[in-house]
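Scroll down for the structure; my scribbles are underneath it.
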Amino acid sequence: GHFKKHRKEIFQLFNLSLSSAQNEFHKDIDALKAFYYRYWQRHPYEADKELAFQYLNEARKAQQPMAMTDWAIINLDKQNEQAHKLLKLAAQKQEPTANAVLGSLYLNTDSGFTRNESQALKHLRAACSSKIVTSCYQLGTLLSESYDIPRNLNRAFKHLSYAAFKKHENALEKALNLARLHPSVVVPSTLKKLQKIARQIESNSSNIAAPVKRPWRGLLDRSMKTDDQSEKSKLLDLSRKSLLNEPVEGFELNYNQH
């Protein structure tokens, strides 16, 4: 009954609502373009490659998180700096794969990143909370073998066990090794499930039963297999740092005495 009196205000509200709807619609379109690229990845014979990359670039320019992540993964080697920037932006928008990739890059000194366990921990936690199995495995490994951040063997066992239950065989091996080295962290019911899985994976039974190798020993072994002096020096330094933080029977190893 008061339409004429409030016509100006009504149309202002209508225009504001229409503008918001258009913005939301554009977001949906960008998401669909990003999904089309992933669909082409999984079903290359059912989608158009040229269109997939066109849509990926359009969605990336619109800062759609999934598209930024996929574009960065493709271009990590070619456009390293831009790829890193997009991954960080996508991670800020809580894109799980972006967090997973960043977490891995911060652990890999060959990635163009400086190894940063604190940053790796942050991104791997976010990715693992989104149920990315590989990130849960890397998170468990980091928490059990770190040398720049405090280790947390209980949480490490939890994350490694989760990944093992999802058929990640390296996580299974590390979870069982952690249980042997530190029985106090073991949840008996979880250990039984892990042992059952281990028995089911016959092809891995020999690896699982092999002698437990400490993290620093693995790094030391890798240093002996390379002729690159820079790589050898880096691995030896990582081995030393790992050994300095190795808990054995309630005390820390003194590197100079060993």
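The values are calculated or read from the model by the stated rules, or taken from the named source; none is laboratory data. As the structure is a computational prediction, the values presented were derived from the model and not from experiment. Virtual Cβ from ideal backbone geometry, glycine too; neighbours counted across all protein chains shown. Just the protein is used for accessible areas: all its heavy atoms, side chains included, with ligands, DNA and RNA removed. Shrake-Rupley method; radii C 1.70, N 1.55, O 1.52, S 1.80 Å.
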Legend entry - Residues (surrounded by fewer than 22 Cβ atoms within 10 Å (Cβ to Cβ) and among the small types (Gly, Ala, Ser)) located in the stretch 84-110: 104
Inset, instruction - Taking the options 61, 78, name whichever one is open to solvent by 60 Å² or more (accessible area, probe 1.4 Å) and at pLDDT 90 or above. - result: 61
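Test residue 126 against the stated conditions and say whether it is modelled with pLDDT of 95 or more, in a helix (DSSP H, G or I) and among the hydrophobic types (A, V, I, L, M, F, W, C). Don't jump to the end; show me each part of the working.
Details: modelled with pLDDT of 95 or more: yes; in a helix (DSSP H, G or I): yes; among the hydrophobic types (A, V, I, L, M, F, W, C): yes.
So residue 126 passes the test.
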Inset, instruction - Confirm whether residue 21 is at negative phi, modelled with pLDDT of 85 or more, of a type in the set (Gly, Ala, Ser) and not in a loop (DSSP other than H, G, I, E, B). - result: no
Legend entry - Count - residues of the stretch 64-75 that are polar (S, T, N, Q) and open to solvent by 20 Å² or more (accessible area, probe 1.4 Å): 1
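I'd like to know if the stretch 40-57 contains one or more residues that are farther than 26 Å from residue 113 by Cα, basic (Lys, Arg) and either open to solvent by 80 Å² or more (accessible area, probe 1.4 Å) or not in a helix (DSSP H, G or I) (or both).
Here is the first cut: in the stretch 40-57, the residues farther than 26 Å from residue 113 by Cα are 40-55.
Narrowing further to those that are basic (Lys, Arg): 42, 49.
Filter once more, so that each one left must be either open to solvent by 80 Å² or more (accessible area, probe 1.4 Å) or not in a helix (DSSP H, G or I) (or both): 42, 49.
So far as the stretch 40-57 goes, yes, one or more of its residues are farther than 26 Å from residue 113 by Cα, basic (Lys, Arg) and either open to solvent by 80 Å² or more (accessible area, probe 1.4 Å) or not in a helix (DSSP H, G or I) (or both).
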Inset, instruction - Could you check residue 103 against (1) under 10 Å from the mean Cα position of the chain (by Cα); (2) within 21 Å of residue 32 (Cα to Cα); (3) not charged (D, E, K, R) and say which number it fails? - result: (2)
Legend entry - Within the stretch 137-181, considering residues that are outside any helix (DSSP H, G or I) and open to solvent by 30 Å² or more (accessible area, probe 1.4 Å), the one farthest from residue 123 (Cα to Cα): 167
Legend entry - Qualifying position, being more than 30 Å from residue 152 (Cα to Cα) and touching a helix residue (DSSP H, G or I) at 6+ places or on another chain (Cβ under 9 Å), among 131, 61, 88, 122: 61
Inset, instruction - Taking residue 120 as the residue in question, decide whether it is crowded, with 22+ Cβ neighbours inside 10 Å, in a helix (DSSP H, G or I) and touching a Ser or Thr at 6+ places or on another chain (Cβ under 7 Å). - result: no
